[in-house]
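No lab work stands behind these numbers, since they all come straight from the coordinates. Please read these numbers as outputs of a predicted model, since none were measured by experiment. Cβ coordinates were reconstructed from backbone atoms using ideal geometry, including for glycine residues, and neighbour counts include every protein chain displayed.
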Amino acid sequence: MAITKLNTYQPLTEQSATALAIGLRIFEDGTLLTCEEIGDGNLNLVFRVLERETGKGIIIKQALPYAKVVGESWPLTIERARIEASALKLQRSFVGDLVPEVYYSDPTLAITVMEDLSALTIARAGLIKGEKYPRLSHDVGTFLANTLYFTSDYALHPFKKKEYVKEFSNPELCKITEDLVFTDPFFNSETNEFEEELSRDVQHLWDDFTLKLEVAKLKKSFLTEGEALLHGDLHTGSIFVDQNQTKVIDPEFAFYGPIGFDIGQFIANLIFQAASKTDEGETILYHIENTWNVFSTAFSRHWKESGDAYTKVNGYLEYVLEKSFQDSIGFAGCECIRRTIGLAHVEDLDAIPDKERRLQAKRTCLTLGKELIIKRKQIHSIEELLSVIKFHFE
Ligand SMILES: Nc1ncnc2c1ncn2[C@@H]1O[C@H](COP(=O)(O)OP(=O)(O)OP(=O)(O)O)[C@@H](O)[C@H]1O
Ligand SMILES: [Mg+2]
């Protein structure tokens, strides 16, 4: 079909997305296809092309040259589609089915054609409804250990590592994180959004220079420590699940950064669940504990199976794990704060119907977030972290 031969970018429509699927010969000739734009995210178009007779589908995700949710006044590079497709392929080589299969990608059209996961549920939506996903933390812990270890200097030849650093240089998307996670929520910035009743709590944060200094250190780590290829946006809205499987999607923020960042973002998004629930807190706390335990066990196993001369030096693995653990706690704290008062909120908190309970949950996320940031270096084990979290929910 013509569109597969285009050498200039154009946004797809449901019609041209169908034509693209036909041109790619993913479906049998002459088969009846339907197409729908199903994207509910902030940035991109997501088309689902479906074979009517069999129900077989594919997903075509396309980056727009701006952020979809804001419009053309917020231009954003379509390079993110190339990064997303490359990251998915690389991650799949380390984690297999924990990420969707990519059938085709084209950086000019900024598209990724991938496995249709519509039979699964976005973890955030399922957890809000009270669904249980017994595999979630085991699978995410494995995803974290494999993707972070095998893209790091501990595993890769230095030339390969630097090639990846170049390939996954992602300045525009990193800038979004730098602003929205690490800067804006800690200052009186226009992008912030919070309920008026939280004004005093927010003012306290803005006045807290000890907190700001610690966030500055975490931001510096995010800016400068190119340790491993991060997913970059590992919240529960980027994870599809059911009872038996887990698939991590949407790595358009991928870049080389500190190992603790992905772990911290995932833990914080579990914390929102715990904050939003009056019961079932134990299941969520178990997932937090298990994520770290699975991550650290698998990461240590990979470390011992390969690595250079220094990886054999006593205490080095423990140093790397402890640093990653404390960074994770600090990054989790930043995520707790920014999702409560920054630009991009989470349904877990915003959808709590009772106002008093909602404000209470948000205040808990703010005070817990602050404590995680400030005390991260005094928390030495996952059990201690769980005690700190539990204390705030009592
Ligand atoms: N492989 C897939 N299979 C089925 N549905 C998908 C798939 N990928 C994305 N979707 C649907 O499209 C939605 C948006 O996808 P995604 O999060 O990748 O888009 P985005 O524009 O990058 O969003 P965000 O604002 O979260 O960055 C998902 O929540 C899901 O409903
Ligand atoms: Mg995205």
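Observations, loosely collected:
- Kirkwood Rh in Å, taken over all unlike Cα pairs in the chain: 21.8 Å
- Each label point was placed 7 Å from the Cα along the Cα-to-Cβ direction; for THR191 and ASP97 their separation is 3.8 nm.
- Acute angle (nearest 10 degrees) that the helix 209-224 long axis makes with the longest principal axis of the chain, alpha-carbon atoms: 40 degrees
- At R0 = 41 Å, FRET efficiency that the Cβ-Cβ distance of SER118 and GLU322 yields, to 0.05: 0.50
- Positive-pole candidate from ALA309, LEU229, ILE267, dipole of the stretch 121-393, charges at beta carbon: ALA309
- Acute angle (nearest 10 degrees) that the helix 79-95 long axis makes with the longest principal axis of the chain, alpha-carbon atoms: 80 degrees
- Pairs of Cα atoms nearer than 8 Å and 6+ residues apart set the relative contact order; for the stretch 121-393 it is 27 percent.
- Along the axis of the charge dipole computed for the stretch 2-115 (Cβ charges of +1 for Lys and Arg, -1 for Asp and Glu, origin at the Cα centre), the listed residues THR77, GLY57, LEU109 are led at the positive end by THR77.
- Full-stretch length increase - SER199, LYS132 - with 0.36 nm per residue and alpha-carbon distance subtracted: 20.6 nm
- For the pair THR34 and ARG363, the difference between a 0.36 nm per residue extended length and the Cα-Cα distance amounts to 113.9 nm.
- Sequence of TRP74, TRP206, TRP292 once ranked by neighbouring C-beta atoms within 10 Å, starting from the fewest: TRP74, TRP206, TRP292
- Sites THR311 and GLN10 - FRET efficiency at Förster radius 41 Å, r taken between beta-carbons, to 0.05: 0.25
- Peptides 176-183, 328-335 ordered by packing proxy, namely the average of other Cβ atoms within 10 Å per residue, highest first: 328-335, 176-183.
- Arranged from fewest to most other beta-carbon atoms within 10 Å of their beta carbon, VAL140, VAL388, VAL95 become VAL388, VAL95, VAL140.
- Computed helical MRE - 222 nm, the chain, DSSP H runs ≥ 4 contributing -39500 (n - 2.57), nearest 500: -16000 deg cm²/dmol
- Helix axis angle, 382-393 relative to the chain longest principal axis, alpha carbon, degrees: 80 degrees
- Ranking of ASP242, ASP308, ASP139 by count of other Cβ atoms within 10 Å, fewest first: ASP308, ASP242, ASP139
- Mean separation of Cα contacts under 8 Å, 6 or more apart, over the residue count of the stretch 114-267: relative contact order %: 37 percent
- Average projection, convex hull of the Cα set of the stretch 2-115: 7.3 square nanometres.
- Highest-MSF residue in the chain out of LEU136, LEU50, LEU98 [GNM, Cα springs under 10 Å]: LEU50
- Cα gyration tensor shape of the stretch 129-252, rounded if a/c is under 1.5, else prolate or oblate by comparing a/b with b/c: oblate
- Cross-link check: pairs LYS212/LYS323; LYS132/LYS277; LYS89/LYS220 evaluated at a Cα-Cα cut-off of 24 Å; pairs beyond the cut-off: LYS89/LYS220.
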